[in-house]
Amino acid sequence: MSTFTETMFSNARWSLKGMVTGEPDAPVRHTWSEVHDRARRIAGGLARSGIGRGDAVAVLAGAPVEIAPMAQGIWMRGASLTMLHQPTPRTDLARWAAESIGVIDMIRAAVVVVSEPFMAAAPVLSNVGLRVLTVRELIDSPPIDPVRTEDDDLALMQLTSGSTGSPKAVQISHRNFVANAEAMFAGAEVDPDNDVIVSWLPCFHDMGMTGFLAVPMYFGVELVKITPMDFLRDTLLWARLIDKYRGTMTAAPNFAYNVLAKRLRRQATPGQFDLSSLRWALSGAEQVDPVDVADLCEAGAPFGLRPEAILPAYGMAETTVAVSFTECGTGLEVDEVDADLLTVLRRAVPATHGRTRRFASLGRLLKGLEARVVDVDGTILPARGVGVIEVRGEPVTLGYTTAAGFVPAQDVNGWYDTGDLGYLTETGNIVVCGRLKDVIIMAGRNIYPTDIERAASRVDGVRPGCAVAVRLDAGRSRESFAVAVESKSHDDHDEVLRIEHQVAHEVVAEVDVRPRNVVVLEPGMIPKTPSGKLRRAHALALVD
């Protein structure tokens, strides 16, 4: 039996901890032992359907109470799990169906398991010849014991954030999972007896599925799990659940903390929630903005939120989940550097005067991982040299499942190119400046879209997290950029002119370059990944 399955099933059988789901309308708590019992019945149903070791199973389900035993039941059969991206009210269903079928074909799924609220998709999938099962029919089966598994068996095929149109799935083995889970457990100083995790992160995303469902289930830690739609309907539900269950750990992307801060200010009264129990609030999955962290700390102070609890981190699906954590109890650490030397010389030189850039330090590497920074020629750069971040170690995937077959992720020496531009500090902390493919090069200067987007977001009337910088004339001698923002005042001519003018002004003040164009859009127009990240390349059509 692999360490992954042996440990998870052992903890599940004996742990008195469990998972709360169904908030806020019908909360129910299942111990991990009860989840395991349901998983054994699901495994029985999968076995009856011919699913065994090495098979791939695609899952389209929304309720964590079903996803947890479903995942464990799949692993009991020695099969791999792929969570399909979930359609939202904004999704083009015809396009989603075509892309999902492409994913199912790519991973060669033996079956697709569907549950509410996506049962309407079942006949669509069945009609194209796919074998479709439901969670309900599986769970009515007699329970069985797990099959034998090995450390190199696949546990997950995790769809990458851009896996639509040309899908790609990261292969995560049992060995990868255990290495990263154990490192995260130590890095977060998890106390299984006392910690309570509160999460709304989507289960089709690596942080939501692996980090905040599979890992708590693996170690037997108390978990309160709601869905992203619950969070979007009521942002303050997040705070209420931390208060109600005395949550000690949570995680979210930067934009979600930004939204939470605004809701706390506008819709909550001091003392309405007690957030003092929170000791570890990871900020990851996208660039962490020190201004937003400071804003959250200020907004959360009347509710007992401690600044040292907000901990920036770095990770990606290709490393299972996590690469680095900020040390527990330290809070945000800012690395302030000379802005001109950064953009022209690609050096992060500490500075406190003149034009500076303030980056969030993303902490030190977790156990089992190495990192280096290289330039365009592959030369390894010293501390504070800005280049492409590469990582290697046991949590790093061997490669991807694609429509064309297996594609390796590592070079011959085991290094994975993250595609992120950044640097290492003298103490080994990771700092990320931006994505290599998104950087705008003007007059020999590297201009980072996140700087432009942060400046645009300062303008009154621009929706939080809804500004995108789009690279124009990429690869030409004179690149430029445009900015698109969302505003509720998109149909007010005078307001649009004001927003366009002020966005251009703020961007010039921030990066000393004027955008070619500023576009004000109605809410919901800026394309994002299913996990909420900006799709800058997809936004090009909006500014042309």
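The values are calculated or read from the model by the stated rules, or taken from the named source; none is laboratory data. As the structure is a computational prediction, the values presented were derived from the model and not from experiment. Don't worry about glycine lacking a Cβ; one is built from the backbone with ideal geometry, like all the others, and counts go over all protein chains shown. These area figures cover heavy atoms from the full protein model, side chains too; ligands, DNA and RNA do not enter into them. Shrake-Rupley method; radii C 1.70, N 1.55, O 1.52, S 1.80 Å.
Side notes on the structure shown:
- Candidate values [x] 37, 25, 25; [y] 36, 29, 23; [z] 54, 36, 23, label of the one derived for semi-axes √(5λ) of the Cα gyration tensor in Å: [x]
- Taking every C-alpha pair closer than 8 Å and separated by at least 6 residues, the mean separation divided by the residue count of region 347-388 gives a relative contact order of 40 percent.
- Helix axis angle, 3-14 relative to the chain longest principal axis, alpha carbon, degrees: 70 degrees
- Environment charge of Val334, counting only residues whose C-beta is closer than 13 Å and scoring Lys/Arg +1, Asp/Glu -1: -3
- Theoretical ellipticity at 222 nm over the chain - DSSP helices of four or more residues, -39500 (n - 2.57) apiece, nearest 500: -9000 deg cm²/dmol
- 5 angstrom amide H check on Leu311, placed H, neighbours 5+ away: Ala281, Leu282, Ser283
- Residues whose placed amide H lies under 5 Å from that of Val113, excluding near-sequence neighbours: Ala58, Val59, Leu60, Leu133
- Mean accessible surface per residue for the chain, computed with a 1.4 Å probe while every protein chain stays in place, in Å²: 40 Å²
- For Leu381, nonlocal amide neighbours, meaning residues 5 or more places apart or on other chains whose placed amide H falls under 5 Å from its own, are Val373, Val374, Asp375.
- Probe 1.4 Å - accessible area at Glu522, Å² to nearest ten: 90 Å²
- Per-peptide average of other Cβ atoms within 10 Å, ordering 251-260, 120-129 highest first: 251-260, 120-129
- With the whole protein complex present, Thr379 retains an accessible surface near 70 Å², based on a 1.4 Å probe.
- Gain upon complete extension [Arg13, Arg445; 0.36 nm per residue less C-alpha separation]: 149.8 nm
- The listed residues Lys244, Lys17, once ranked by accessible area (1.4 Å probe) with the largest placed first, stand as Lys244, Lys17.
- Close Lys-Lys pairs in the chain, where close means Cα under 26 Å and separation is 8 or more or interchain: 17
- Largest accessible area first, the listed residues Ser115, Ser489 line up as Ser489, Ser115 when surface is computed with a 1.4 Å probe on the assembled protein chains.
- Between region 22-51 and region 102-144, the alpha-carbon center distance in angstrom: 16 Å
- Counted by Cβ distance under 9 Å from Val374, the other residues give a net charge of -3, where Lys and Arg count +1 and Asp and Glu count -1.
- Length-normalised contact order for the chain - Cα pairs under 8 Å, 6+ apart - percent: 10 percent
- Computed over protein heavy atoms with a 1.4 angstrom probe, the accessible surface ordering of Val412, Val114, largest first, is Val412, Val114.
- Mean-position separation - Cα centroids, region 184-217 and region 479-544, in angstrom: 35 Å
- Simple spin-label estimate for Arg263 and Asp340 gives 4.4 nm between the two label positions (7 Å along the Cα-to-Cβ direction from each Cα).
- Between helix 174-187 and the chain: long-axis angle, C-alpha atoms, 0 to 90°, nearest 10: 60 degrees
- Of all DSSP beta bridges in the chain, antiparallel share, percent nearest 5: 65 percent
- Taking every protein chain into account, the 1.4 Å probe leaves Trp96 with about 30 Å² of accessible area, to the nearest ten.
- Using alpha-carbon coordinates, inclination of helix 32-48 to the longest axis of the chain, degrees: 70 degrees
- Applying 1/(1 + (r/R0)^6) with R0 = 22 Å to the Cβ-Cβ distance of Ala98 and Val147 gives a FRET efficiency near 0.05.
- Within the accessible surface of region 169-323, defined with a 1.4 Å probe on protein heavy atoms only, the carbon and sulfur portion equals 54 percent.
- Glu479-Thr330 pseudo-label distance in nm [points 7 Å out on the Cα-to-Cβ vector]: 3.1 nm
- Kirkwood estimate for region 112-170, i.e. one over the average of 1/r between Cα atoms, Å: 14.5 Å
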